[in-house]
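As structure tokens, the structure follows; a few thoughts come after it.
The values are calculated or read from the model by the stated rules, or taken from the named source; none is laboratory data. Bear in mind that the values here come from a model prediction, so they are computed numbers and not experimental data. Cβ sites come from the backbone with ideal geometry, for glycine too, and all protein chains shown count toward neighbours.
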Amino acid sequence: MCNQKSIPHKFIFLLLLITPILAEWNTRDYIRREHSLTKPYQGSGMSVPYWDFLGSTIVTTNYVRLTPDLQSKAGAIWNTAPCHTRNWELQVQFKVHGRGKDLFGDGFAIWYVRDRMQSGPVFGSKDYYQGLAIIFDTYSNHNGAHNHQHPYISAMINNGTLHYDHDRDGTHTQIAGCEAKFRNYNHDTHISIMYKDDTLIVSTDLEGKNAWKECLRVEKVLLPTGYYYGASATTGDLSDNHDIIAIKMYELDLLETQNKDEDRSHIIPSAASFEAPRERIEDEKPSMSGIKTFLWMMCIAIIVIVLVVMGIMWYQKRQENSRKRLY
Ligand SMILES: *[C@@H]1O[C@H](CO)[C@@H](O)[C@H](O)[C@H]1NC(C)=O
Ligand SMILES: [Ca+2]
């Protein structure tokens, strides 16, 4: 009797011993309050700790609305603290919704950039920026054929020299993208932007299944520390409510290969690969049709086979000749 009773106590004691160790292992999930925006938003008075507002943005108890479903609005929120973390994950819960069934726009963007609080033409923020933009483009400005449907999520890295071209929906400056229907859902919609080991991974949770689905992954992306997080949105002739419900920034552990003393603050934003040149060529002259490509492949295959056969024949002939010489 006595023994049986003491077992759970021992167990609890063991748990108490283990818990701090588990908590320490869990540093991967270390949330950084100074880069996060969670309910309740308001601190004392009107201000929201760590965030500044621009333009049409309003704060309610349940959401931060960057633009209402009205024409020609632009709004933004900007984190007041620069991010000094090398590996991070930003999880954003958002809601894009409006009365428009077929016509809505323009979209919103999530930023990690050098200059904060600057309104401009790129979804409510400045063009020729330095840093990273994750763009949620709901309206296709492109009159010609696109390789993709809208709404569309894309990533763009800028060192301050690139222009975001709305006429092409930014397709020739994006590093990657994916189609993603994220409008007018009753359930929660989330995006995860992970920057780890110089790799950018964007995942979405749009179907209310509580699971991440990879949208894009790009290696060799260089971003400095010390930039600012933000979100901005615009409406034009078309409109939508662009709401941010929550932003959670997680500090991720340094990898063993990363030197913690390395100064990453002077890096110029860059990405080794661009989708750009390929799409630009496709835009100017249509790419080869499937049949044409197939015929080309056939031709090349036949040439290769002929060459191989000729090579074998030549080789055999030579073998024969050398054998003849031996006799
Ligand atoms: C900025 O990016 C452009 C386009 O990728 C590139 O041609 C240029 O060399 C870059 N400039 C700097 C200073 O890195
Ligand atoms: Ca667009």
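A few remarks follow.
- Within the stretch 225-246, not a single residue is more than 16 Å from ligand 2 (Cβ to nearest atom) and over 29 Å from F53 (Cβ atoms).
A quick yes/no check of all residues on (1) of a type in the set (F, W, Y); (2) within 16 Å of ligand 1 (Cβ to nearest atom); (3) modelled with pLDDT of 85 or more:
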{"position": "I267", "(1), (2), (3)": "no, yes, yes"}
{"position": "S270", "(1), (2), (3)": "no, yes, yes"}
{"position": "P277", "(1), (2), (3)": "no, yes, no"}
{"position": "D283", "(1), (2), (3)": "no, no, no"}
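Matching residues to (1) among the hydrophobic types (A, V, I, L, M, F, W, C); (2) closer than 22 Å to R114 by Cα:
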| site | (1), (2) |
| --- | --- |
| T189 | no, no |
| D197 | no, yes |
| I201 | yes, yes |
| T204 | no, no |
| A211 | yes, no |
| K220 | no, yes |
| P224 | no, yes |
| T235 | no, no |
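- When the strands (runs of 3 or more DSSP E) confined to the stretch 50-117 are screened for residues that are more than 15 Å from S239 (Cβ to Cβ), those reaching at least 3 such residues are found at 51-55, 74-79, 88-97, 107-113.
- The listed residue being within 16 Å of ligand 1 (Cβ to nearest atom), touching a strand residue (DSSP E or B) at 6+ places or on another chain (Cβ under 7 Å) and at pLDDT 95 or above, out of I175, I134, I153: I175
- Near pairs, Cβ below 9 angstrom, 6+ apart or cross-chain, from the stretch 243-272 (on the phi > 0 side of the Ramachandran plot) to any residue that is at pLDDT 95 or above: none
- The number of residues in the stretch 112-140 being of a type outside the set (G, A, S), closer than 22 Å to V92 by Cβ, away from ligand 2 (no atom under 15 Å from the Cβ) and out of contact with any Cys (no Cβ under 8 Å at 6 or more places or on another chain) comes to 10.
- Flag for H187 being within 16 Å of ligand 1 (Cβ to nearest atom), over 19 Å from the mean Cα position of the chain (by Cα) and assigned to a loop (DSSP other than H, G, I, E, B): no
- Any chance A180 is aliphatic (A, V, I, L, M), out of contact with any helix residue (DSSP H, G or I) (no Cβ under 9 Å at 6 or more places or on another chain) and within 16 Å of ligand 1 (Cβ to nearest atom): no
Quick grid of which residues meet (1) of a type in the set (D, E); (2) modelled with pLDDT of 95 or more; (3) buried (at least 18 other Cβ atoms within 10 Å of the Cβ):
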site	(1), (2), (3)
E219	yes, yes, no
L222	no, yes, no
S232	no, yes, yes
S239	no, yes, yes
H242	no, yes, yes
Y250	no, yes, yes
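- Hits in the stretch 141-180 (condition: assigned to a loop (DSSP other than H, G, I, E, B), within 13 Å of ligand 2 (Cβ to nearest atom) and within 12 Å of the chain's Cα centre (by Cα)): Q174
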